[in-house]
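The values are calculated or read from the model by the stated rules, or taken from the named source; none is laboratory data. Remember, it's a predicted structure, so these values are computed and weren't measured experimentally. Cβ placement follows ideal geometry from the backbone for every residue including glycine, while neighbour counts extend to all protein chains displayed.
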Amino acid sequence: MKCIYCSDGKTKVVDSRESEGKVRRRRECQSCGERFTTYETADDLDIQVIKGDGETEKFREEKIRDGLEKATNKTSLGAEEVEEIIEEVKKMVRGKNKVESEEIGNKIKEELSTRDEVAYIRFASVYESFEDAESFKEEVESLKSK
């Protein structure tokens, strides 16, 4: 990393911490001794999601977050666990050009099923478009058999 003061390439990391999805690094120049801060973020995933109707859209983690926040509202799962699930989905899709929306939904259901049954049923009810009580019953039964 080049020093922002003297442009020398010899800097060392003095402190590093994660903050709001970014990595904050405090650096010190080995030449001039000045300190400065850098922030690192991961590149957006440039992946196309193939929806059930054949349409495609850009992968957006905000869309996943919104669905998870609705499903986990007033459950034992907090924001940190929602972010962990999003990271698991991102790991699954990373390196792919296209991914089926069904694959993403199934991964989210898998993650929720081991963390909170109520959140799982809420998410599944919207994702699977339950139309009656029998659909709920079948999903609850399949969850119990896991």
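(1) modelled with pLDDT of 90 or more; (2) in a helix (DSSP H, G or I): which one isn't true of residue 74, the others all being true?
It is condition (2) that residue 74 fails.
Scan the range 1-10 residue by residue and report those that are touching a residue at least 24 places away in the same chain (Cβ under 8 Å) and not charged (D, E, K, R).
1, 3, 4, 5, 6
Return the residues of the range 60-82 that are more than 21 Å from residue 50 (Cβ to Cβ) and among the charged types (D, E, K, R); say none if nothing qualifies.
Correct list: 69, 70, 74, 80, 81.
Please go through the range 1-39 and pick out each residue that is aliphatic (A, V, I, L, M) and within 30 Å of residue 83 (Cβ to Cβ).
1, 13, 14, 23
Going residue by residue through the range 79-88, is there one that turns out to be among the hydrophobic types (A, V, I, L, M, F, W, C) and not in a helix (DSSP H, G or I)?
no
In the range 49-72, how many residues are in contact (Cβ under 8 Å) with a residue 40 or more places away in the chain and either surrounded by 13 or more Cβ atoms within 10 Å (Cβ to Cβ) or out of contact with any Ser or Thr (no Cβ under 8 Å at 6 or more places or on another chain) (or both)?
Matching residues across the range 49-72 total 10.
Can you list residue pairs whose Cβ atoms sit under 8 Å apart, with the first residue in the range 134-146 being touching a residue at least 24 places away in the same chain (Cβ under 8 Å) and the second being of a type in the set (A, V, I, L, M, F, W, C) and part of a helix (DSSP H, G or I)? Count only pairs 6 or more apart in sequence or on different chains.
Listed pairs, sorted by first residue: 143/121.
Does the range 85-96 contain any residue that is modelled with pLDDT under 95, under 23 Å from residue 49 (Cα atoms), surrounded by 13 or more Cβ atoms within 10 Å (Cβ to Cβ) and touching a strand residue (DSSP E or B) at 6+ places or on another chain (Cβ under 7 Å)?
Yes: one or more hits.
What pairs come up if the first residue lies in the range 20-41 and is surrounded by 14 or more Cβ atoms within 10 Å (Cβ to Cβ), the second is polar (S, T, N, Q) and in a loop (DSSP other than H, G, I, E, B), and their beta carbons are under 6 Å apart, counting only those six or more places apart or on different chains?
So the pair list comes out empty.
A quick yes/no check of all residues on (1) over 11 Å from the mean Cα position of the chain (by Cα); (2) in the same structural domain as residue 122 (by TED's automatic domain parsing):
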position	(1), (2)
24	yes, no
33	yes, no
52	yes, yes
55	yes, yes
58	yes, yes
70	yes, yes
73	yes, yes
77	yes, yes
84	no, yes
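Checking residue 129 against (1) at pLDDT below 90; (2) surrounded by 12 or more Cβ atoms within 10 Å (Cβ to Cβ): exactly one of these is not met. Which one?
Result: residue 129 fails condition (2) only.
Considering only residues of the range 102-126 that are of a type in the set (Gly, Ala, Ser) and surrounded by fewer than 18 Cβ atoms within 10 Å (Cβ to Cβ), which is nearest to residue 53 (Cα to Cα)?
Applying the filter and picking the extreme gives 125.
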